[in-house]
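The values are calculated or read from the model by the stated rules, or taken from the named source; none is laboratory data. This structure is a prediction, so every number in the text was calculated from the model and none was measured. Every residue, glycine as well, gets a Cβ built from its backbone with ideal geometry; the counts of neighbours run over all protein chains shown.
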Amino acid sequence: MAEENVVFVGKKPTMNYVLAVVTQFNSGVNTVILKARGKAISKAVDVAEIVRNRFVPSLQYGEIKIGTESLQSEKGETNVSSIEIEMKRE
């Protein structure tokens, strides 16, 4: 899987990520992976649903991975939840 097929979801508005995913599919890519951590997980799910329901209805969900990542901060080590949502064109 090429790294350019990955969209990292963060603090920007939801529609920015929707546009990024739709642009990837319009450029001929067959699979895009949404990645998010922490509070951005719900936004990643929103992005996936908006893309599938409004823009590219033929998309299917592939593998969905959830996990925990350890991050170093000033206060020590912190565990943060993460998600990867694979979206495929059939």
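Counting just the residues of the stretch 64-90 that are among the polar types (S, T, N, Q) and without any contact (Cβ under 8 Å) to a residue 40 or more places away in the chain, which one comes out nearest to Val45 (Cα to Cα)? Steps first, please.
Here is the first cut: in the stretch 64-90, the ones among the polar types (S, T, N, Q) are 68, 70, 72-73, 78-79, 81-82.
Then keep just the ones that are without any contact (Cβ under 8 Å) to a residue 40 or more places away in the chain; that gives 68, 70, 72-73, 78-79.
Details: Thr68: 17, Ser70: 22, Gln72: 26, Ser73: 26, Thr78: 23, Asn79: 20 Å.
If we take residues in the stretch 64-90 being among the polar types (S, T, N, Q) and without any contact (Cβ under 8 Å) to a residue 40 or more places away in the chain, then Thr68 is nearest to Val45 (Cα to Cα).
Quick one: how many residues across the stretch 39-84 are closer than 18 Å to Thr14 by Cα, among the small types (Gly, Ala, Ser) and either at pLDDT below 95 or touching a Lys or Arg at 6+ places or on another chain (Cβ under 6 Å) (or both)?
1
When the stretch 51-90 is examined, which residues are found to be of a type in the set (A, V, I, L, M), under 19 Å from Thr31 (Cβ atoms) and out of contact with any helix residue (DSSP H, G or I) (no Cβ under 8 Å at 6 or more places or on another chain)? Spell out how you get there, then give the answer.
Here is the first cut: in the stretch 51-90, the ones of a type in the set (A, V, I, L, M) are 51, 56, 59, 64, 66, 71, 80, 83, 85, 87.
Pick out the ones that are also under 19 Å from Thr31 (Cβ atoms) and you get 51, 56, 59, 64, 66, 83, 85, 87.
Result: Ile64, Ile66.
What residue, among those in the stretch 6-36 that are in contact (Cβ under 8 Å) with a residue 24 or more places away in the chain, farther than 21 Å from Asn53 by Cβ and not aliphatic (A, V, I, L, M), is surrounded by the most Cβ atoms within 10 Å (Cβ to Cβ)?
Filtering first and then ranking leaves Gly10.
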